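The values are calculated or read from the model by the stated rules, or taken from the named source; none is laboratory data. In this text the structure is predicted, and so the values were computed from the model without any measurement. Here the Cβ is made from the backbone with ideal geometry for all residues, glycine too, and neighbour counts use every protein chain on show. Accessible surface areas use protein heavy atoms only, side chains included; no ligands, DNA or RNA. Shrake-Rupley method; radii C 1.70, N 1.55, O 1.52, S 1.80 Å.
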Amino acid sequence: MVGTTSLLKRNHVQILGNGSQTIIFAHGFGSDQTAWRHQVAAFASDYRLVLFDHVGAGKSDFSAYSPRRYSSLYSYAEDLLELCSELKIKDCILVGHSASGMVSLLAALVQPEVFRQLIFISASPRYLNDVNYIGGFEQSDLDTLYAAMSSNYYAWASGFAPLAMGNPEKPELALEFANTLSGIRPDIAQAVARVIFQSDHRIELPRLKVPTLILQSSGDIAVPSEVGSYMAAHIPNSKLLQIAARGHLPHLSAPDMVINAIKVHLDRCVKL
């Protein structure tokens, strides 16, 4: 267990907003906490907001990264629970984008009392296709992706960003994502990509007891719509909501839709 000061530095933790209820925003691969700026503006007046960068991303302490330590998503879940313990967070709402969806699921399996609600945005338990399962990729697809990252990481980031963003009419968003991707050390990015894309957490889905909202956009090159349906069918207390947004980062490309979906969901939960 690292000390509070070290932990805050390690994950570049920021605490904002007002309110007794805490929302934690957890970013996905290639991104960092700045991707949540629209949601921060929308929720800061009513909630206490906690933002952080996973080790190896954003303004985290890159010296804390090691490929052995972060060889699975479980290590990121441990970091999340450590952060919650240090900040004495209980019964919070966690909004997790992409890989942070499964990170928060794994954390909630260990300490469910920390989380009141999980909200997944473009999350997936497995990216590889399997028998009776559409994940979106064949192994050959991923091998090609890894080879491109290894050959010229910055060129790969520039090409991958607009595909992931999926909103060609907003090239500034693709540029922003390319910049955060390029801010990651290439060796870390390649190692983390393998950890994420080769992961399989389908078996854990039925064990999750925390109420979960699954937000699914269309045209997501990393997470096809079938993945959202699969999670909704296998997570006991879950709801799938298809939003009218495109691409893998709807909290950036269609922030109002994401904000409205979260607000409606939370308001409904309060009334239940």
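Residues in segment 73-80: is at least one farther than 17 Å from Pro255 by Cβ and over 19 Å from the mean Cα position of the chain (by Cα)? So far as segment 73-80 goes, no, none of its residues is farther than 17 Å from Pro255 by Cβ and over 19 Å from the mean Cα position of the chain (by Cα).
Each row is one residue, and each column tells you yes or no for (1) more than 22 Å from Ser158 (Cα to Cα); (2) touching a Leu at 6+ places or on another chain (Cβ under 9 Å).
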{"site": "Arg185", "(1), (2)": "no, no"}
{"site": "Ala193", "(1), (2)": "no, yes"}
{"site": "Arg207", "(1), (2)": "yes, yes"}
{"site": "Pro211", "(1), (2)": "yes, yes"}
{"site": "Gln216", "(1), (2)": "yes, yes"}
{"site": "Ser229", "(1), (2)": "yes, yes"}
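Only a single item in (1) open to solvent by 50 Å² or more (accessible area, probe 1.4 Å); (2) part of a helix (DSSP H, G or I) is not met by Lys90, and it is number (2).
Would segment 38-45 turn up any residue that is under 25 Å from His201 (Cβ atoms) and touching a residue at least 24 places away in the same chain (Cβ under 8 Å)? Among the residues of segment 38-45, at least one is under 25 Å from His201 (Cβ atoms) and touching a residue at least 24 places away in the same chain (Cβ under 8 Å), which makes the answer yes.
Counting only helices (runs of 4 or more DSSP H) that fall entirely inside segment 1-86 and contain at least 1 residues that are more than 21 Å from Ala261 (Cα to Cα), the qualifying elements are 4-10, 73-86. Counting residues in segment 106-116 that are under 16 Å from the mean Cα position of the chain (by Cα), among the small types (Gly, Ala, Ser) and on the phi > 0 side of the Ramachandran plot gives zero.
Scanning segment 131-142 for residues that are in contact with an Asp or Glu (Cβ under 6 Å, 6 or more places away or on another chain) and either over 14 Å from Pro224 (Cα atoms) or buried (at least 16 other Cβ atoms within 10 Å of the Cβ) (or both) yields a count of 0.
Against the definition (open to solvent by 40 Å² or more (accessible area, probe 1.4 Å), farther than 22 Å from Leu118 by Cβ and at pLDDT 95 or above), how does Ser71 come out, yes or no? Yes, satisfied.
Only one residue in Lys59, Lys9, Lys90 is among the charged types (D, E, K, R), closer than 23 Å to Ser238 by Cβ and touching a residue at least 24 places away in the same chain (Cβ under 8 Å). Which one?
Lys90
When Leu128, Leu145, Leu173, Leu181 are checked against the criterion of being in contact with an Asp or Glu (Cβ under 9 Å, 6 or more places away or on another chain), open to solvent by less than 40 Å² (accessible area, probe 1.4 Å) and either at negative phi or aromatic (Phe, Trp, Tyr) (or both), a single residue qualifies: Leu128.
Restricting attention to segment 222-258 and to residues that are open to solvent by less than 20 Å² (accessible area, probe 1.4 Å) and part of a helix (DSSP H, G or I), the residue that is farthest from Glu169 (Cα to Cα) turns out to be Met231. Of the residues Ile196, Ile188, Ile214, the single one that is open to solvent by less than 20 Å² (accessible area, probe 1.4 Å), part of a strand (DSSP E or B) and closer than 26 Å to Ser72 by Cα is Ile214.
Residue-wise test of (1) closer than 30 Å to Asp91 by Cβ; (2) touching a strand residue (DSSP E or B) at 6+ places or on another chain (Cβ under 9 Å).
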{"residue": "Glu172", "(1), (2)": "no, no"}
{"residue": "Asn179", "(1), (2)": "no, no"}
{"residue": "Ala189", "(1), (2)": "no, no"}
{"residue": "Ile196", "(1), (2)": "yes, no"}
{"residue": "Ile214", "(1), (2)": "yes, yes"}
{"residue": "Val227", "(1), (2)": "yes, yes"}
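Is it true that Thr180 is more than 20 Å from Thr34 (Cα to Cα), assigned to a helix (DSSP H, G or I) and either at pLDDT 95 or above or touching a Lys or Arg at 6+ places or on another chain (Cβ under 8 Å) (or both)? Answer is no for this residue.
The residues of segment 229-272 that are at pLDDT below 95 and among the basic types (Lys, Arg), listed by number, are Arg268, Lys271.
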